[in-house]
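Visitor: Quick one: this structure, given as structure tokens, is what I'll be asking you about.
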Amino acid sequence: MTRNGKIALTRILSDLILADGIIDQREIVRFEDLCAQYGIKPEHRSEAGLLTLDKATEMLRQEGEEVERLLATLDTLMKADGICHPTEVMLRLALMRSLRRQAHIVSAKTGDVAFDGQTILYIESEYHSRYNAEIKAQYRLCTEGRLWGFRFAYIPKTVAEIERNAQPPGTFLPALLRYIAPALQMERVAEICRSFDTLDTARFRGEILRQKLGLNFRDDAPSLLIKINDSLLTQTHAPVRSVANFLQVPIQGSVVETLDAFIEDFRCGVNPMPMVQAPSPEPHFSYCGFQRTLIELMAFQPDLVVKGEMCIDLVRRTVAFGEGTYLCPLTPQQMAVFLLIAQTSYTEGRQGLRTALSGDYKARMVKAYERIYHRVGGLTQGTDFTHNLKSTVSRLRKQLGALKAVRGIEDFCPTNVGNFYRLQASADSITVLSAEAEEPLPITEYFNRSRL
């Protein structure tokens, strides 16, 4: 198995162990056995702590014929404690469909807004009359998954339920917003209410899921979006981050058929004990479940207004996002260190820049740094950057991390991964503008041309 495969497998095994909220001794013993079997070392475990589940499945897909054997491996860990918990089955089912390219896992940091597990949303990039008509006509069939713990949410229905019993109409949501957020200005309350009035499935996908949560969908087709679990991303000397994972299942045939097929696969994997959620005898609104999630997303989740694409401008010594809307000026030393970390992240061995430099490696990196330093307008003598490397990286993280409006800004900050400083962002999302070129070049092309 490749190095990336070992890191990705570690991330997935860790999520499986934590899926039911209980760490069982038998699971740890089996985990250690699997680490020995696949040659997973401490550095692989460390790097796996920074990997989101969607990236892990993408990396594991590259293992080719190994995928089916890996799925069997996941089964042995899931059954190690003798219980198939619903969350474990959800995760296993999502991994199976994603690794077999039948669906896509998407991950996002949701902040303080929580999605209940087993929530199923209908999403679309543009209005599809056929599927919307089907849901409205067969809504009861769409909700029968509640017998197995699933909660189906259809945006027009959810919006209508919020004001269903208000007298006079249109008075409940403003009152609720003033109660849960008394500091909201009246103008903001009115703005949120107007936004609710026009909310549909396509707007929810684009403005809420993509713009507010940063979910990067791999398929524009009408789909079911199913909440799988939450992962914890860990890093030494940094706070733990919680990331929500969803499975995007494209509609096959009809909405009801797609729902039934997924729930049947789920039902076959869990212990035979339905989780009945009895409907309320009288219709009323309760501030819980997906209704609460939707209101908090609309009212409190800030927009991630800028797509995560970086341009490194060597002429002005800045890194820019959003066509220059957000700029981060850097000193020559900071720019040279940042570019050296980028070069070692996307070329060389693609591991990044070692945190501890010595011997021939140090000499080679110092020479590379001097060439870059000269390129960005600095001196070429006496520029041994190694003494201040840690503090320089710390300042870079602080300055770049302040651009919170940029989607996925953490991936553009140098990160210590297994004793290497590296960038986690995709190389496709970074360009370099130099004095020698009229237009920015993709970062890998820039390094190939410049021979730094």
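Visitor: Go through the stretch 1-20 and give me each residue that's touching a Phe, Trp or Tyr at 6+ places or on another chain (Cβ under 7 Å) and not in a helix (DSSP H, G or I). Break it down stepwise before answering.
Guide: First, pick out the residues of the stretch 1-20 that are touching a Phe, Trp or Tyr at 6+ places or on another chain (Cβ under 7 Å): 1, 6, 9, 13, 17.
Hit for the stretch 1-20 is MET1, nothing else.
Visitor: Say we look at the stretch 186-235 and pick out the residues that are of a type in the set (A, V, I, L, M), at pLDDT 90 or above and not in a helix (DSSP H, G or I); which of these is farthest from the chain's Cα centre (by Cα)?
Guide: Here the residue is LEU199.
Visitor: Pairs only if they're at least six apart or on different chains, beta carbon under 6 angstrom, first in the stretch 149-168 and on the phi > 0 side of the Ramachandran plot, second surrounded by 19 or more Cβ atoms within 10 Å (Cβ to Cβ) and assigned to a loop (DSSP other than H, G, I, E, B); list them, first residue then second.
Guide: Final answer for the pair search is GLY149/GLN118.
Visitor: Let me ask something else about it. Please tell me if CYS328 is touching a Leu at 6+ places or on another chain (Cβ under 6 Å) and either modelled with pLDDT under 80 or surrounded by 13 or more Cβ atoms within 10 Å (Cβ to Cβ) (or both).
Guide: Details: touching a Leu at 6+ places or on another chain (Cβ under 6 Å): yes; either modelled with pLDDT under 80 or surrounded by 13 or more Cβ atoms within 10 Å (Cβ to Cβ) (or both): yes.
Yes: the conditions hold for CYS328.
Visitor: Need the failing condition index for ARG354 against (1) of a type outside the set (Ser, Thr, Tyr); (2) in contact with a Lys or Arg (Cβ under 9 Å, 6 or more places away or on another chain); (3) at pLDDT below 90; (4) over 23 Å from ASP313 (Cβ atoms), just the number.
Guide: (3)
Visitor: Still on this model: Just for the stretch 21-36: of the residues that are assigned to a helix (DSSP H, G or I) and of a type outside the set (D, E, K, R), which one is farthest from THR57 (Cα to Cα)?
Guide: Selected residue: GLN25.
Visitor: What's the total number of residues in the stretch 180-233 that are β-branched (Val, Ile, Thr) and within 15 Å of LEU247 (Cβ to Cβ)?
Guide: Residues meeting the conditions: 2.
Visitor: What single numbered condition from (1) modelled with pLDDT of 85 or more; (2) surrounded by 13 or more Cβ atoms within 10 Å (Cβ to Cβ); (3) farther than 25 Å from PRO86 by Cα fails to hold for ALA238?
Guide: Status for ALA238: all satisfied but (1).
Visitor: Any idea which residue in the stretch 404-422 is surrounded by the fewest Cβ atoms within 10 Å (Cβ to Cβ), counting only those that are among the charged types (D, E, K, R) and in a loop (DSSP other than H, G, I, E, B)?
Guide: LYS404
Visitor: Right, here's the next one. Can you name the number of the only condition in (1) aromatic (Phe, Trp, Tyr); (2) farther than 15 Å from LEU314 by Cβ; (3) crowded, with 20+ Cβ neighbours inside 10 Å that TYR369 fails?
Guide: Just one mismatch for TYR369, condition (2).
Visitor: Do the conditions hold for ILE180, that is, is it in the same structural domain as SER254 (by TED's automatic domain parsing), under 23 Å from LEU224 (Cβ atoms) and out of contact with any His (no Cβ under 9 Å at 6 or more places or on another chain)?
Guide: Spelling it out, it is not the case that ILE180 is in the same structural domain as SER254 (by TED's automatic domain parsing), under 23 Å from LEU224 (Cβ atoms) and out of contact with any His (no Cβ under 9 Å at 6 or more places or on another chain).
Visitor: Determine, yes or no, whether ASP33 is touching a residue at least 24 places away in the same chain (Cβ under 8 Å) and among the acidic types (Asp, Glu). Talk me through it step by step, then tell me what you get.
Guide: Details: touching a residue at least 24 places away in the same chain (Cβ under 8 Å): no; among the acidic types (Asp, Glu): yes.
For ASP33, the condition - touching a residue at least 24 places away in the same chain (Cβ under 8 Å) and among the acidic types (Asp, Glu) - is not met.
Visitor: Another question, then. Being within 27 Å of GLU207 (Cβ to Cβ), outside any helix (DSSP H, G or I) and of a type outside the set (Ser, Thr, Tyr) narrows it down to one of ALA425, ALA437, so name that one. Steps first, please.
Guide: Numbers: ALA437 fails: within 27 Å of GLU207 (Cβ to Cβ).
It is ALA425.
The values are calculated or read from the model by the stated rules, or taken from the named source; none is laboratory data. No experiment lies behind these values; they were computed from the predicted model shown. Here Cβ is always computed from backbone atoms with ideal geometry, including for glycine, and neighbour counts include all displayed protein chains.
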